[in-house]
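Here the structure is laid out as structure tokens; the discussion comes afterwards.
Since every read-out is calculated from the coordinates, none of them should be taken as a lab result. What you see is a predicted model, and the numbers here were worked out from it, not measured in a lab. Neighbour counts run over all protein chains shown; Cβ positions are idealised from the backbone, glycine included.
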Amino acid sequence: MMSFENKVIIVTGSSSGIGAATAIKFSKQKAKVTIVGRNESKLKNVAEICEKNGSKPLMIVADVTNEDDAKKIINDTIEHFGQLDVLVNNAGMFNNVSILDPHAIEKFDQILATNLRSGVYLTHLAVPHLIESKGNIVNISSAASTKTFWPENFAYCTSKAGLDHFTRSVALELAPKGVRVNCINPGPVKTDFIEKLTMDKDEQDKIWADIERTTALSKIAESEEVADLVLFLASDKAKSITGSSYVIDNGALLK
Ligand code: NDP
């Protein structure tokens with residue numbers, strides 16, 4: 001049993017998928033949670049579940065790539081809950097980009113801004129509060145940070161490779177200040193990200209079936225399994241772990 005009673009946690013990208021599952025699990029452990037995303041109605045659904053679990057979250061509709069929004073996420077959390085113990089940089093997007101695409105650089109910039117720069121900026125803003133609480137950071141990276149699973153994936157892979165190395169670099173810098181920083185590298189997880197790429201249900205099913213075949217265990221993880229790992233790394237049980245990357249990929253990297 002991990003206790004997060006009176007701990008304050010920010011989970012970005014908590015309107016769906018891994019972030020929503022993580023916020024909900026933290027709320028079950030009595031944490032005070034700030035949930036963040038652009039989609040207000042989806043955030044409200046997550047807020048209702050957290051509240052039913054006995055922990056009313058602070059809901060912030062925000063775009064993590066916008067610096068004013070990022071400041072609001074940190075400042076409102078401190079104003080509302082009085083402290084910050086854990087930052088989960090989870091918000092992210094996926095898109096195939098060919099280096100030959102005439103708009104490749106524009107698309108690359110957007111993916112980097114969402115998957116890497118936003119986490120760096122939020123970390124920069126959060127660190128003074130985390131030093132005070134001796135808190136920690138969990139970054140949601142990807143198994144694609146070390147393996148290029150298919151062509152036209154350079155933007156996403158590069159953003160996640162950067163996030164891994166950012167994790168290690170700041171972990172070293174912040175260790176003397178008592179702040180731990182780790183990341184999780186999921187393989188395929190059953191979330192909305194395919195649905196965001198195509199509305200065609202048959203195409204979605206085909207993509208999921210193809211993805212399933214890429215894992216050694218021939219299955220896809222659920223968001224809740226990744227959330228369990230986030231809670232472990234954020235807890236005192238992981239007090240000796242910093243600068244580490246945890247792969248949860250059903251053996252996708254083995255193939
Ligand atoms: P979802 O699409 O379900 O969730 C993505 C979340 O990020 C949503 O809550 C979305 O909220 C939020 N988000 C995206 N862009 C922004 C933004 N600019 N500002 C604020 N919030 C944003 O996908 P997953 O749960 O799968 O993804 C979560 C993380 O897990 C990502 O970092 C992803 O790269 C990583 N991951 C996922 C894998 C998978 O197979 N599913 C595999 C490996 C890593 P909203 O739309 O409301 O803004």
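At q = 0.18, 0.21 Å⁻¹ the log10 of I(q)/I(0) for the stretch 59-202 amounts to -1.08, -1.32, computed by Debye summation with a single uniform scatterer per C-alpha, solvent ignored.
For the stretch 1-107, the alpha carbon positions stretch 50, 26, 25 Å along the principal axes, listed from largest to smallest. Gyration tensor over the Cα atoms of the stretch 191-255: the corresponding equivalent ellipsoid has semi-axes (square roots of 5 times the eigenvalues, largest first) of 29, 15, 9 Å. Compute the distance in nm between two label points, each set 7 Å from the Cα along the Cα-to-Cβ direction, one at SER41 and one at ALA216. It is 4.3 nm. With 24 Å as the limit on Cα-Cα distance, the pairs of LYS25/LYS134; LYS147/LYS219; LYS147/LYS237; LYS7/LYS177 that go past it are LYS147/LYS237.
Structure remark: mean-square fluctuation, Gaussian network model of the chain, C-alpha springs under 10 Å; the largest value among GLY92, GLY178, GLY19 belongs to GLY178. Averaging the sequence gap over all C-alpha pairs within less than 8 Å and six or more residues apart, then dividing by the number of residues, gives the chain a relative contact order of 19 percent. The long axis of helix 154-174 is offset from the longest Cα principal axis of the chain by roughly 30 degrees.
Return one number: the angle in degrees, 0 to 90 and rounded to the nearest 10, between the long axis of the Cα atoms of helix 17-28 and the longest principal axis of the Cα atoms of the chain. Orientation of helix 17-28: about 30 degrees from the principal axis. Extent along the principal axes, Cα only, for the chain: 47, 39, 36 Å, with the longest axis given first. The tail of the calculated P(r) for the stretch 83-126, taken as Cα-Cα distances beyond 17 Å, holds 42 percent of the pairs. A helix-only calculation puts the chain at -14500 deg cm²/dmol for mean residue ellipticity at 222 nm, using -39500 (n - 2.57) for each DSSP H run of at least four residues, averaged over all residues. For the stretch 17-58, the calculated P(r), taken from all Cα-Cα distances in 5 Å bins from zero up to the bin holding the longest distance, is 5, 30, 40, 19, 5, 0 percent.
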